[in-house]
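Take a look at the structure below.
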Amino acid sequence: MAVPGNRPSADARDWWREAVCYQVYLRSFADGNGDGVGDLIGLYQRLPYLVGLGVDALWINPWFPSPMVDGGYDVADYRAIDPVFGTLSDARAMIEEIHALGLRLLIDIVPNHTSSQHPWFRAALAGGPDCVERDRYIFRPGVGPEGDAPPNNWRSVFGGSAWTRIVEPDGRAGSWYLHLFAPEQPDVNWDSPLVRREFESILRFWFDLGVDGIRIDVAHAMVKAPGLPDLGPSDIELLASAAHPDHPHWDREGVHEIFRGWRAVADSYPEPRVFLAEACVGASERLARYVRADELHTAFNFDYLTASWRADTLRIAINSSLSAMAAVGAPAIWALSNHDVVRHLTRYGRPQSDGPVHTLANHSPPGPVDLALGTRRARAAVLLMLALPGGVYLYQGEELGLWEVEDLPEETLQDPTWERSGHTDRGRDGCRLPMPWSGDAPPFGFSPDHAQKVPWLPQPPQWKQLTAQAQTGDEQSMLELYRKALHIRRVHPALGEGSLAWDSTAVPDVLSFTRPPGFRCVVNLGQGAVPLPDHREVLLSSVPLEAGLLPGDAAVWLAR
Ligand code: NOJ
């Protein structure tokens, strides 16, 4: 079966349609100044590694001044850099260097909420019940004679109610404010024209500085239903819905008008400035609405990220994304991991089910992990992903074969989910550990030798075998597989944008497709070996191949 593809990128202006973008979780990438936290100097020093890896662009998680209640997704100033990461002039130097190396840079914007330490929110609290500053957030009186029950039944994604009651400047218990995430992340009121103007000005600030693109945090949450109605019984799902067309705070029609305005801002620059939506909206057709021609450029495809290691599940996720995106002329965007989900190597090392995998939270692990199996599948999975039409996001450390660290000592856990879930959900720290670069023991070159502090999360000693240094030059390593695959993807005319045609003769548990000109990808998700088509040249395989057979949980790229 042929699946509609997208038009191949015509020129460098369209780089974003097929780019491989590397996600830098700055706190954990490389510590340049020895305080145990990653920073811009550390990243600057490691840029040659990223060039050598073969990626086209970087996406850096929020780098703004922040109390770090939610890893920087609680922004206190949208036009500066947090001192723990560096300065604005470090950022300028970084952007220049990134461009000099032929890479592009995306940053993160957090428009659904600010930090409770943002001057706007502080002014809203200090100004009393009737001040104009309150209109920038969502304040409401409580329910009941004393107003001591929250205004509605909305839930925080991190657990508990989505409302917190404030104490007014005169000491009385006051109204409540909405926070779909932590209480330190008050939701902004997107009905306010002032809010709209301010965020467009923030976009310009960073685009003027040379940033090539912006990832939009919880893009599907910014607009709330008038009157803030209660959630119905079927709406009590977190960060996913759209099965319900009229959810009171996810995926509302009003967000599209905002993004049309943002697109006009991006289009006012002579060189491309692009957006990437983090919109968890369930169906591909809903996602496609965010990337219509006059809206955002790209959007993460979470159906693919959450799909289990099953041929049918993956094929359905691939087909539905390709056809929904093609219908609006946008490229599909694939990723296997990010800073919010259990690392895919660990997910794939567990028994697979037919449905989507619950990746957002790390509830008590559903069972032991077979890391060898997870590694084998992760090797196959990256060959599959890099062979698909469209763009790809890699999450730092996946190229080293890092696994989710599920036994971090409780006293080290920092994700707000841990506290807000009453210690039932360990949260996302396990995928956010500092990168192991070199050496035989923690901190594995993450911090310089003269470091004053240990890294902000402890690395497992077993990562000794996974450092970038240990893997470099080892032909069987994950890192060398990524390097080779990225090189081939860059030079092979079939890869990147385009179309794919499924091989209708493939047996169950095997995904096999061709891409013109002259490329075939075969992935065996079953247990037994399957014969490879004859007379084909092997470009790359995830495991050593013998006698024309592709073993289980393995993938191969072939020249036709
Ligand atoms: C999605 C981000 O990826 C996540 O890390 C963050 O906690 C929430 N949005 C809230 O900003």
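When the stretch 363-414 is examined, which residues are found to be crowded, with 17+ Cβ neighbours inside 10 Å, small (Gly, Ala, Ser) and within 24 Å of Leu511 (Cα to Cα)?
The answer is Gly374, Ala378, Ala380, Ala381, Ala387, Gly390, Gly391, Gly401.
Please verify whether Glu475 is at pLDDT 95 or above and assigned to a loop (DSSP other than H, G, I, E, B), treating the condition exactly as stated.
Here the answer is yes, as Glu475 does meet what is asked.
For Ile202, all conditions in the list (1) assigned to a loop (DSSP other than H, G, I, E, B); (2) within 16 Å of the ligand (Cβ to nearest atom); (3) surrounded by fewer than 21 Cβ atoms within 10 Å (Cβ to Cβ) hold save one; what is the number of the exception?
Going through the list (1) assigned to a loop (DSSP other than H, G, I, E, B); (2) within 16 Å of the ligand (Cβ to nearest atom); (3) surrounded by fewer than 21 Cβ atoms within 10 Å (Cβ to Cβ), Ile202 breaks only (1).
If Glu237 meets every condition in (1) under 26 Å from Asp70 (Cβ atoms); (2) buried (at least 20 other Cβ atoms within 10 Å of the Cβ); (3) at pLDDT below 95 apart from one, which number is that one?
(2)
Hey, does the stretch 212-223 have a residue that's small (Gly, Ala, Ser) and within 15 Å of His113 (Cβ to Cβ)?
yes
One line per residue, one yes/no per condition, for (1) touching a Ser or Thr at 6+ places or on another chain (Cβ under 7 Å); (2) among the aromatic types (Phe, Trp, Tyr):
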| site | (1), (2) |
| --- | --- |
| Glu18 | yes, no |
| Gly36 | yes, no |
| Tyr49 | no, yes |
| Ala57 | no, no |
| Trp63 | no, yes |
| Val69 | no, no |
| Val75 | yes, no |
| Ser89 | no, no |
| Gly102 | no, no |
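Taking the stretch 54-86 as the search range and keeping residues that are without any contact (Cβ under 8 Å) to a residue 24 or more places away in the chain and away from the ligand (no atom under 16 Å from the Cβ), which one is nearest to Val491 (Cα to Cα)?
By that ranking, first place goes to Ala80.
Criterion first (part of a helix (DSSP H, G or I), over 27 Å from His99 (Cα atoms) and within 16 Å of the ligand (Cβ to nearest atom)) does Leu287 satisfy it?
yes
Since Glu257 meets every condition but one in (1) modelled with pLDDT under 95; (2) surrounded by fewer than 20 Cβ atoms within 10 Å (Cβ to Cβ); (3) of a type in the set (Asp, Glu), which condition does it not meet?
Going through the list (1) modelled with pLDDT under 95; (2) surrounded by fewer than 20 Cβ atoms within 10 Å (Cβ to Cβ); (3) of a type in the set (Asp, Glu), Glu257 breaks only (1).
Any residue at all in the stretch 111-130 that is away from the ligand (no atom under 16 Å from the Cβ), touching a strand residue (DSSP E or B) at 6+ places or on another chain (Cβ under 8 Å), basic (Lys, Arg) and at pLDDT 95 or above?
No; the residues of the stretch 111-130 include none that is away from the ligand (no atom under 16 Å from the Cβ), touching a strand residue (DSSP E or B) at 6+ places or on another chain (Cβ under 8 Å), basic (Lys, Arg) and at pLDDT 95 or above.
Only residues that are away from the ligand (no atom under 16 Å from the Cβ), outside any helix (DSSP H, G or I) and not charged (D, E, K, R): list them for the stretch 178-199, please.
First, the residues of the stretch 178-199 that are away from the ligand (no atom under 16 Å from the Cβ): 189, 191-198.
Checking which are outside any helix (DSSP H, G or I) leaves us with 189, 191-192.
Answer for the stretch 178-199, where residues must be away from the ligand (no atom under 16 Å from the Cβ), outside any helix (DSSP H, G or I) and not charged (D, E, K, R): Asn189, Ser192.
Can you pull out the residues in the stretch 504-532 that are closer than 24 Å to Leu486 by Cα and in a loop (DSSP other than H, G, I, E, B)?
Pro516, Pro517, Gly518, Leu525, Leu532
When the stretch 244-253 is examined, which residues are found to be surrounded by fewer than 17 Cβ atoms within 10 Å (Cβ to Cβ) and closer than 26 Å to Asn338 by Cβ? First the steps, then the outcome.
Within the stretch 244-253, the subset surrounded by fewer than 17 Cβ atoms within 10 Å (Cβ to Cβ) is 244-246, 253.
Passing the criteria: only His244.
Within the set of pairs 6+ apart or on separate chains, which have a first residue in the stretch 537-560 that is in contact (Cβ under 8 Å) with a residue 60 or more places away in the chain, a second that is buried (at least 18 other Cβ atoms within 10 Å of the Cβ) and of a type in the set (D, E, K, R), and C-beta atoms under 6 Å apart?
Hits for this filter: Ser542/Arg379; Asp553/Arg376; Asp553/Arg377.
Taking the stretch 416-426 on its own, how many of its residues are surrounded by fewer than 24 Cβ atoms within 10 Å (Cβ to Cβ) and either under 19 Å from the mean Cα position of the chain (by Cα) or within 16 Å of the ligand (Cβ to nearest atom) (or both)? Even if it seems obvious, please write down each step before you answer.
First pass over the stretch 416-426, keeping only residues surrounded by fewer than 24 Cβ atoms within 10 Å (Cβ to Cβ): 418-426.
With the extra rule that they be either under 19 Å from the mean Cα position of the chain (by Cα) or within 16 Å of the ligand (Cβ to nearest atom) (or both), the set shrinks to 418-421, 425-426.
So the count comes out to 6.
Can you find, within the stretch 153-177, the residue that is modelled with the lowest pLDDT among those that are surrounded by fewer than 19 Cβ atoms within 10 Å (Cβ to Cβ) and assigned to a loop (DSSP other than H, G, I, E, B)?
Selected residue: Gly160.
Which of the following residues is over 30 Å from Val405 (Cα atoms), surrounded by 15 or more Cβ atoms within 10 Å (Cβ to Cβ) and either modelled with pLDDT under 95 or of a type outside the set (S, T, N, Q) (or both): Val510, Val523, Val491?
Being over 30 Å from Val405 (Cα atoms), surrounded by 15 or more Cβ atoms within 10 Å (Cβ to Cβ) and either modelled with pLDDT under 95 or of a type outside the set (S, T, N, Q) (or both) holds for just one of Val510, Val523, Val491, which is Val510.
Under 9 Å by Cβ, and 6 or more places apart or on different chains, what pairs join a residue from the stretch 204-226 that is without any contact (Cβ under 8 Å) to a residue 12 or more places away in the chain and charged (D, E, K, R) with one that is surrounded by fewer than 24 Cβ atoms within 10 Å (Cβ to Cβ) and outside any helix (DSSP H, G or I)?
Asp208/Tyr269
Look at Glu146 and say whether it is farther than 28 Å from His423 by Cβ, away from the ligand (no atom under 16 Å from the Cβ) and touching a helix residue (DSSP H, G or I) at 6+ places or on another chain (Cβ under 9 Å).
No: the conditions fail for Glu146.
Tally up the residues in the stretch 495-523 that are more than 28 Å from Asp14 (Cβ to Cβ) and hydrophobic (A, V, I, L, M, F, W, C), please. Can you show your working first?
Filtering the stretch 495-523 down to residues more than 28 Å from Asp14 (Cβ to Cβ) leaves 503-510, 512, 522.
Among the residues that remain, those that are also hydrophobic (A, V, I, L, M, F, W, C) are: 506-507, 510, 522.
Of the residues in that region, 4 qualify.
Give the residues of the stretch 269-307 that are touching a Gly at 6+ places or on another chain (Cβ under 7 Å) and surrounded by 19 or more Cβ atoms within 10 Å (Cβ to Cβ), sorted by residue number.
Scanning the stretch 269-307 gives Arg273, Val274, Phe275, Leu276, Thr298.
Output the number of the condition that Ala221 fails; it satisfies all remaining conditions of (1) closer than 23 Å to Arg79 by Cα; (2) assigned to a helix (DSSP H, G or I); (3) small (Gly, Ala, Ser).
Unmet for Ala221, out of (1) closer than 23 Å to Arg79 by Cα; (2) assigned to a helix (DSSP H, G or I); (3) small (Gly, Ala, Ser): (2).
Evaluate the stretch 303-321: report whether one residue or more is within 16 Å of the ligand (Cβ to nearest atom), assigned to a loop (DSSP other than H, G, I, E, B) and of a type in the set (Phe, Trp, Tyr).
So the first thing to find is which residues in the stretch 303-321 are within 16 Å of the ligand (Cβ to nearest atom), and the list is 305-306.
When the remaining residues are screened for being assigned to a loop (DSSP other than H, G, I, E, B), the result is none.
Among the residues of the stretch 303-321, not one is within 16 Å of the ligand (Cβ to nearest atom), assigned to a loop (DSSP other than H, G, I, E, B) and of a type in the set (Phe, Trp, Tyr), which makes the answer no.
The values are calculated or read from the model by the stated rules, or taken from the named source; none is laboratory data. Since we're looking at a predicted model, the values are computed, not measured. Here the Cβ is made from the backbone with ideal geometry for all residues, glycine too, and neighbour counts use every protein chain on show.
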